[in-house]
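Data block below; observations after.
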Amino acid sequence: MKALLLLSLVLRPPRGLDLYMPVPDANPLTPQKIALGRRLFFDKRLSLDGTLACASCHDPKQAFSDGRKVAVGIGGAEGTRSAPAIVNRGYGRTFFWDGRAKTLEEQALEPILNPKELGMTEAEIERRTGLKIDDVTAALASYVRTIRAGDSRFDRYASGNPRALSDLEKAGLAVFRGKARCNTCHIGPNFSDEQFHNTGIAWRDGKLVDLGAGEGKFKVPTLREVAHTAPYMHDGSLATLEDVVDYYDRGGNANPGLDEDVRPLHLSAEEKLALVAFLRSLSGTIREGNS
Amino acid sequence: MNANEPRLETRLESWKEIGAYLQRDATTARRWEKEEGLPVHRHSHKTRSTVYAYRSEIDAWRAGRKVVPEPAPARPLWKVPAFALTMLLCLIMVGNGVRPVSAQQSQTITARQLWTGSGDEEASITPDGRYFATTDWTSGDLMIRDLSTNQSRRLLAKSGGWEQAAYASSPVLSPDLRQVAFQWYHNTSNDLKADLRVMPNEPGAKPRVLVANPEFGYFRASAWSRDGKSILATIWKTDRTAQLAWISATDGSVKVLKSLEWRSPNSSRSAQLSPDGRFIAYSALERSGSTNSRVYVLTADGSKEEEVVSGSGVNEAPFWSADGRRLVFTSNRSGSFGVWAVPIEKGRAAGVATLLKADIGRTDPIGLTRSGSYYYLHTQGGQDVFLANLDPDGRVRGDSSRLTDNFVGSNRSPVWSPDGKSIAFQRARLDGRGYDLVIRTLENGAERTYTEKVLPIVQVEWFADGKSLLVPTRDDQNSFSVYRLNGADGKLTKLITGPGKPESIFLSPDQKTLYRSDRPAGKIVTYDLSGGREKTVFTLPGKDGLVFRLAVSPDGRSLAFNSIERDPGNRAHEKAGLYRVGVDGAGAQALYTTAIDELNGVAGVQTWTKDGQYILFNTLTSAQGQPQQWRLMRIRAAGGRPEPAGLEGTGPFHQFAISPDGRHIAYGDGPAAVREVWVLDNALAALK
């Protein structure tokens, strides 16, 4: 009973997020599992050479991303995609940039087992942790579910405090929902429709360089804490929020499968400025673990 | 046959036929309509109205018609021992496994109409079936109707009509019946705002604002918590995404249970709290843009959720049975809309769905009472497409005829194909979610229906190739898109997207430019179809004008449009008018203006004759105490006096389209659909 009460307090979400978060029946949240998952998340024994942990690429100080263009695994091996900010993934419906995992449980082990990332085997994980692999998976997924970002100035504005956003940020919100139509994809409490779109980023010089979820489509990332998750896009190819806004303003990289909602926006300099200001207002509080 | 198409039946076309069907005379039929709600429809057209009725509706009315029982005589004393003997025999039979047929088992579902003309899809019914909380649409006031006495009382003592700035909606009574939660929708500085309020259930009591947040565009209060401390509501945000939330009845604080994004169906499908207060049932689209919807059960604290009704088609508007063990919902899973029930145990589906009542038609469910009476709105009437002959000078000649008898009351917005052999028009979906596009071949009456996820469509135009259509749509979010629909394969190609509402959008004769009226901004803007760039070509002088209803001249050089020039400081100066302007925005000319009172603020829908000499438009006159009179007028495009063009009625008329040869006119006509309140008694009888 005490544990359940503690859990209900722990899981009270920050302002702006839903009370309901899908949790599979097979892996109910418990304080013990969350605590174990947290320890594992920061445990470098989960990398083959003992140099990296999950938190190496998903650093709490950088909104659970790493500030690099692409992820770097053991031995300095570079991946091809950036480490996404894993905030609010408990609300997610698909995982990884290409959506190949359908649950956090499916997702949790893959980077640990990937030779270019943490390079482990299931047997080695069990040997080093003394835990069964299913328990490791369940604990990591449980901990990731507790990583929730909210209570931003935008959330306070949306809760009825008109002074929480500046006039410039409010103008940016209008651009976000209006002329720029960012909310075509970045909707809901997590600012993502959890869908996959070809925005042209995977196309370089007329060639598709990363298939993604197919035809160069990639998952719409959350915009929570976006000011702290540079560089941007699945390949980290855009260094700043201003670059991102410019990219969409010019209609993305032309290609045969370009999403029909990606087209020139004709934003003015003032509108771009306001839009970036609004995006910066999406930074707030991140809660994680049993804290 | 289309999967959603209702059973076609021959109509009874006169009082005489209706009376004959009832085996009574016409006078009795009229009296039964007046006194007992016999379902009779009227079509007002030109100078007289005609009545008609559907056999199935009369059958339903007859089946559910109240028969007042005769008073039971006092039970004679000699019957007491006989009764005791009967009871003893029953007990013996039960003991032997022989069960007498209970009164409940002998009950069957019966439909009866309660009243007509004041339907409100956001009404609610108390669990005991006694009180019906609704909006009084003559005033916009809150109204509580006592169904046991049929007496109504208004709570707000609101003056004026609903359209004059404010109205209350989606009222729901607290469990102890002492309070009412409702949305207050009001006009502030030309912007509609909503807030959620609570007031004592007493006429004239003072409401209290619970939530007033500019981010929240619309509320649908649907239940109170059992302790009366919180209100369950769906909140539509200004970006049109929806959230299920608990709202504190004390301080208005909002706890969002679940964000539905753009998956929420319309406001008449509210979330429902289970009788034990532990679960919330709601329906939502399976994904944004889908036409399929599903039913979900969420724990009241938001900790768990289960999908309890899935599958393709529409599954929506769940209501709890009194024991909390079933959810009753509407669905078209059998090919037409019916009422279904699914067993529920601990918040999960505990079996398959069962059909309770088939072929219920276009409905907006209101509620299910403890006794199993299922209240709903049934929509009757509405627009249809008519055809008439037209003289070259723009005058209608002879009588009009209905384009199709399919889905009567559901068709609108006709447009001729370039070869004049087909007409594209829109047909209201049975689920109330916008319109399908239909192309009808005039020669043989063949119809092809396009049901697209991008609906609701606003209006369509043919491209010159005669094979594709321009389809403007209102997006889920606050923006619009314009598509090209390939008639052969139904494929849609997006042409442009823009912010705001689509209003009227027309294609230039050279097919290179779109013209759009930006109504609130008082502007006409163009879009280059090759690049989508927007350009304002005309702005109505003055700071508070509206521009709407564009029509491009056949030579592509001029635009006709309607306007309203507002003057908030002096309403007597406000004018409605018909204007002409060059497509480059030059040479604006007022062809006809009138005081707004005379036009009653209603738009004139216009078109050009094929020779470009005349513009046809709509006027409305509404004399005190008289029915509204709509009239088609014509005016020389160069200016002059408007004159009647041979078509009038109680309308209103919607969209005129002249055939390519200029000899025929198609138009939408018909009054607003009438909402009737019905009840299915013993809705759960099929399960017993």
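Throughout, read-outs are computed from the coordinates displayed, never taken from laboratory work. As the structure is a prediction and not an experimental result, all values here were calculated from the model. In this analysis, Cβ positions are derived from the backbone assuming ideal geometry, glycine residues included, and neighbour counts consider all displayed protein chains.
Between A:Lys132 and B:Ser303, what's the calculated FRET efficiency when r is the beta-carbon distance and R0 is 35 Å? Round to 0.05.
0.85
If you count, for each residue, the other Cβ atoms within 10 Å and average over each peptide, how do B:402-410, B:328-336 line up from highest to lowest?
Ranking, from highest mean packing down: B:328-336, B:402-410.
Other chains near B:493-500: what is the mean number of their Cβ atoms within 10 Å of each residue's Cβ?
That works out to 3 on average.
With each pseudo-label sitting 7 Å past Cα toward Cβ, what's the B:Ala212-B:Trp115 distance in nm, one decimal?
3.1 nm
I need the phi-derived Karplus couplings for region B:338-352: 6.51 cos²θ - 1.76 cosθ + 1.60, θ = phi - 60°, integer Hz, Gly and Pro marked x.
With the stated coefficients, region B:338-352 comes to x, 9, 10, 9, 10, x, 10, 9, 6, x, 10, 5, 10, x, 8 Hz.
Taking each residue in B:610-620, count the Cβ atoms of any other chain within 10 Å of its Cβ, then average. What number comes out?
The mean count of partner-chain Cβ atoms within 10 Å per residue comes to 0.
Once you've got the Cα coordinates, tell me which of B:Lys421/B:Lys501; B:Lys512/B:Lys535; A:Lys179/B:Lys512 are over 25 Å apart.
From B:Lys421/B:Lys501; B:Lys512/B:Lys535; A:Lys179/B:Lys512, over 25 Å: B:Lys421/B:Lys501.
Between B:Ser312 and B:Leu687, 0.36 nm times their residue separation minus their Cα-Cα distance comes to what?
Value of the extension gain: 132.6 nm.
In nm, to one decimal, how far is the modelled label at B:Ala488 from the one at A:Arg100, with both set 7 Å along Cα→Cβ?
Each label point is offset 7 Å from its Cα along the Cβ direction, giving 4.0 nm.
Calculate, in nm to one decimal, what A:Arg204 and A:Ala123 gain on full extension: separation in residues at 0.36 nm each, minus their alpha carbon distance.
Fully extending the segment from A:Arg204 to A:Ala123 adds 25.1 nm.
In whole angstrom, how far apart do the alpha carbon centroids of region B:369-445 and region A:132-168 sit?
Taking the Cα centre of region A:132-168 as reference, the centre of region B:369-445 is 49 Å away.
Once you've got the Cα coordinates, tell me which of A:Lys33/B:Lys237; A:Lys61/A:Lys217; A:Lys217/B:Lys491; A:Lys33/A:Lys116; A:Lys219/B:Lys229 are over 31 Å apart.
From A:Lys33/B:Lys237; A:Lys61/A:Lys217; A:Lys217/B:Lys491; A:Lys33/A:Lys116; A:Lys219/B:Lys229, over 31 Å: A:Lys33/B:Lys237; A:Lys219/B:Lys229.
Compare A:Ala171, A:Ala227, A:Ala269 in a GNM of chain A, Cα atoms joined below 10 Å, and give the one with the largest fluctuation.
So, out of A:Ala171, A:Ala227, A:Ala269, the one fluctuating most is A:Ala269.
Which aspartates and glutamates have a Cα less than 14 Å from the Cα of B:Lys575, not counting those fewer than 8 places away in the same chain?
List returned: B:Asp544, B:Glu565, B:Asp567, B:Asp597, B:Glu598.
Compute the length gained on full extension between B:Tyr52 and B:Ala157: take 0.36 nm times their separation in residues and subtract their Cα-Cα distance, giving the result in nm to one decimal.
34.0 nm
Hey, can you rank A:88-97, B:439-448 by average C-beta count inside 10 Å, highest first?
A:88-97, B:439-448
Could you compute the net charge surrounding B:Val552? Neighbours are other residues with a C-beta less than 14 Å from the C-beta of B:Val552; K and R count +1, D and E count -1.
Result for the neighbourhood of B:Val552: +2.
Averaged across the residues of A:18-24, what count of C-beta atoms belonging to other chains lies within 10 Å of each residue's C-beta?
Mean partner shielding for this stretch: 6.
Between B:Asp510 and A:Leu211, with labels modelled 7 Å along Cα→Cβ, what's the label distance in nm to one decimal, could you check?
Placing both labels 7 Å along Cα→Cβ, they lie 4.6 nm apart.
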